[in-house]
Amino acid sequence: MGRVLVIIGGLLVLLVVVAFSVTIYEGGVREEKKAEAAMFHIAPAQVDRITIDGPDGTQARLVRVDERWVLPDLDGFPAEAEKVETLLHRLLAIDRKQPADSRDNTLKDLRLTDSSFERRITLVRGGKELATVLVGKARGPRHVYLRRADEDTAYTAVFGLFDASPDAVDWIDRGVRTVSLGDITAIEVNGIRITASSESAAAGWRLSDDAASSELNPAAAAHLAELLAGLEIETLQSPAGSSETESPELALTLTIRSGAAIDYSLYHSATASDFALRLSNRTETFVLSTYTANQLLHAAQRDALLGPSSGTNHHAATGVAGDAAPAAHT
């Protein structure tokens, strides 16, 4: 009986070993197949430069600098990091599971040749090209034909042409702030000057002595400061735009903590409903929406900032402003 139990035990051990071996083998085969199916063996973090060429010669260049993505063709203006990372993750996740016909005439029809494409995306690390992919015609909603430039086979993939715009302006970070609220120490507009009551604008504002016949509206002063610190741009306009030759709708000057003065000039576009904003410390012209510009124009009015004197001249005004916006490009 003991001998039988020993034999049975040995068989059980053998079965466990065989099952374990089969599992390892099958797992290895699956991993090999998965590796073979992958179109790229590149991690998003490896890429530090992206070039996107369009069919009409347009080109967008994105460069990673100190963990930030910037646009070198727009004077290093910040790119929207989340949008760039989304592009990389979607592109690098593409596999070879859905090949298309790779005859030469088919590649031409699909706009997947070296001279005819919808997008050409080049990924670089440290000056060395990691991969170049050609994106051709759309196959359907969020599906395109594409191929690696160093291969002849075309594939279909979940990807959109709008994921890879060849226009640098489409990549700008619209959340970039022109100045931080905590850095504003004075605002000069429409003949009056208000200054921060203490080291931080959040502590309130004080009216300069040149407006002794009036007193400051504390909520209005805080609101104007918040608007200036929280301005969101729509896009960028060419510095050579027609708005430069027109009189500004609004001109104001901010003094920041470093002592530097920044001039803001807001123009109404002669050809569009949007407004153009130029800053003395930036080369770009920012485009603001009509809604944002009108808010700023209203908040900067002299009548909005000042109220009639109550008899006692209160130059100090306390108005708690909102959270400071992140500083950028002051």
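The values are calculated or read from the model by the stated rules, or taken from the named source; none is laboratory data. A quick note: this is a predicted structure, and the numbers were derived from the prediction, not measured. All Cβ positions, even for glycine, are placed from backbone atoms using ideal geometry, and neighbour counts span all protein chains on display. Please note that ligands, DNA and RNA were not included when accessible areas were found on the heavy atoms of the full protein model with its side chains. Shrake-Rupley method; radii C 1.70, N 1.55, O 1.52, S 1.80 Å.
What to note about this one:
- From the options ASP152, ASP109, ASP114, residue that is over 27 Å from the mean Cα position of the chain (by Cα) and under 19 Å from ALA37 (Cβ atoms): ASP152
- The set of residues in the range 126-147 that are surrounded by fewer than 18 Cβ atoms within 10 Å (Cβ to Cβ), basic (Lys, Arg) and either assigned to a strand (DSSP E or B) or modelled with pLDDT of 95 or more (or both) comprises LYS128, LYS137, ARG139.
- The range 167-181, residues that are in a loop (DSSP other than H, G, I, E, B) and open to solvent by less than 20 Å² (accessible area, probe 1.4 Å): VAL176, THR178, VAL179, SER180
- Test: ASP173 is over 30 Å from ARG90 (Cβ atoms), touching a residue at least 60 places away in the same chain (Cβ under 8 Å) and among the acidic types (Asp, Glu): no
- Criterion: touching a helix residue (DSSP H, G or I) at 6+ places or on another chain (Cβ under 6 Å), open to solvent by less than 20 Å² (accessible area, probe 1.4 Å) and modelled with pLDDT of 95 or more - qualifying residue of LEU91, LEU87: LEU87
- Considered as a group, the residues in the range 114-125 that are part of a loop (DSSP other than H, G, I, E, B) and not small (Gly, Ala, Ser) include one that is surrounded by the most Cβ atoms within 10 Å (Cβ to Cβ), and that residue is GLU118.
- Test result for ARG96, among the basic types (Lys, Arg), touching a strand residue (DSSP E or B) at 6+ places or on another chain (Cβ under 9 Å), modelled with pLDDT of 95 or more and surrounded by 11 or more Cβ atoms within 10 Å (Cβ to Cβ): no
- Test: residue in the range 164-177 that is on the phi > 0 side of the Ramachandran plot, modelled with pLDDT of 90 or more and in contact with a Lys or Arg (Cβ under 6 Å, 6 or more places away or on another chain): no
- VAL189 vs. criteria among the hydrophobic types (A, V, I, L, M, F, W, C), within 24 Å of TYR264 (Cα to Cα), touching a Pro at 6+ places or on another chain (Cβ under 6 Å) and open to solvent by less than 30 Å² (accessible area, probe 1.4 Å): no
- Residues in the range 68-87 that are over 10 Å from the mean Cα position of the chain (by Cα) and free of Cβ contacts under 8 Å to residues at least 12 places away in the same chain: PRO72, GLY76.
- The criterion of being at pLDDT below 90, in contact with a helix residue (DSSP H, G or I) (Cβ under 9 Å, 6 or more places away or on another chain) and either farther than 25 Å from VAL169 by Cβ or open to solvent by 40 Å² or more (accessible area, probe 1.4 Å) (or both) does not hold for GLY311.
- Residue in the range 68-83 that is modelled with pLDDT of 95 or more and either touching a Ser or Thr at 6+ places or on another chain (Cβ under 7 Å) or farther than 21 Å from SER165 by Cα (or both) present: no
- For GLU226: the one exception among (1) crowded, with 20+ Cβ neighbours inside 10 Å; (2) modelled with pLDDT under 95; (3) in contact with a Ser or Thr (Cβ under 9 Å, 6 or more places away or on another chain): (3)
- Residue list for the range 125-141, restricted to those being aliphatic (A, V, I, L, M) and over 16 Å from VAL63 (Cα atoms): VAL133, LEU134, VAL135, ALA138
- For THR113: the one exception among (1) touching a helix residue (DSSP H, G or I) at 6+ places or on another chain (Cβ under 6 Å); (2) at pLDDT 95 or above: (2)
- Per-region count, the range 58-79, residues more than 17 Å from VAL133 (Cα to Cα) and open to solvent by 70 Å² or more (accessible area, probe 1.4 Å): 5
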